[in-house]
């Protein structure tokens, strides 16, 4: 488990094995480390060199050379700092590219006025598509989603959603009533302060999970009963389907309730 976790920090499995094996230990020879970590003998020096370059391994002066891994907490701090520096560098590169890219598009634009149907099937692609639509919205965002999915959606898209609200984008959300009404203020507190955020409730989980962006594009989940990105989504800007989805949302909005309905008494 720890090895897989370190993979996310950019360490290969062999680098992770060696680092975990010698983290916080006494100084050991390469031969001793190779036996403890169980990595190929011919690779141990290259692995130790890579770990040293990352600041995860210290070595002695003299013969035989001995190595010791830094404590896990210190090593993770090094790796996080490295990732942060890489992210900053990527951000600067991306900013320079974006300064030139719009001009290139304008100069080489191929007109494409045909509507599209795109099936977004992969988890990361599905999440990124939603983020893009939320961050690109100029006037309005309309959602129908389930209460079960909504807390996860806020966790994933909340920052982009709040930025859209700060940019005066009108946002309307339809949910079924939550099982525990006292959960609502905690989850929606940062959204409800915006006058352009509107929320209504329905009694049962929705049969369709949809998002409408600027009344120009829609995202439709192919299943309303799964998690946030477990099934493909259909994205389209087809005018006919867009009109149907818009009308469906408006009907749902008109019939939905502005306050959480109280439990009925039999």
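The values are calculated or read from the model by the stated rules, or taken from the named source; none is laboratory data. The structure displayed is predicted, hence computed values, not measured ones. So basically every Cβ, Gly included, is an ideal-geometry build from the backbone, and we count neighbours across all protein chains shown.
Residue-by-condition table, conditions (1) surrounded by fewer than 14 Cβ atoms within 10 Å (Cβ to Cβ); (2) outside the structural domain of residue 30 (by TED's automatic domain parsing); (3) outside any loop (DSSP other than H, G, I, E, B):
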| residue | (1), (2), (3) |
| --- | --- |
| 64 | yes, no, no |
| 79 | no, yes, yes |
| 82 | no, yes, yes |
| 92 | yes, yes, yes |
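Taking the criterion of being within 38 Å of the chain's Cα centre (by Cα), over 23 Å from residue 83 (Cα atoms) and modelled with pLDDT under 85, would at least one residue in region 22-42 satisfy it?
At the first step, the residues of region 22-42 found to be within 38 Å of the chain's Cα centre (by Cα) are 22-25, 33-34, 36-40.
Subsequent filtering for residues that are over 23 Å from residue 83 (Cα atoms) retains 25, 33-34, 36-40.
The next check asks that each one be modelled with pLDDT under 85; those that pass are 25.
Yes, the conditions are met somewhere in region 22-42.
On the phi < 0 side of the Ramachandran plot and modelled with pLDDT of 85 or more: does that describe residue 13? It is true that residue 13 is on the phi < 0 side of the Ramachandran plot and modelled with pLDDT of 85 or more.
Looking only at residues that are under 19 Å from residue 147 (Cα atoms), touching a strand residue (DSSP E or B) at 6+ places or on another chain (Cβ under 6 Å) and at pLDDT below 85 in region 232-261, which one is surrounded by the fewest Cβ atoms within 10 Å (Cβ to Cβ)? Ranking the candidates gives 258 first.
Scanning region 144-153 finds one or more residues that are under 19 Å from residue 241 (Cβ atoms), at pLDDT 90 or above and either outside the structural domain of residue 239 (by TED's automatic domain parsing) or in contact with a helix residue (DSSP H, G or I) (Cβ under 8 Å, 6 or more places away or on another chain) (or both). For region 45-59, the criterion of being touching a residue at least 40 places away in the same chain (Cβ under 8 Å) and part of a helix (DSSP H, G or I) is met by none of the residues.
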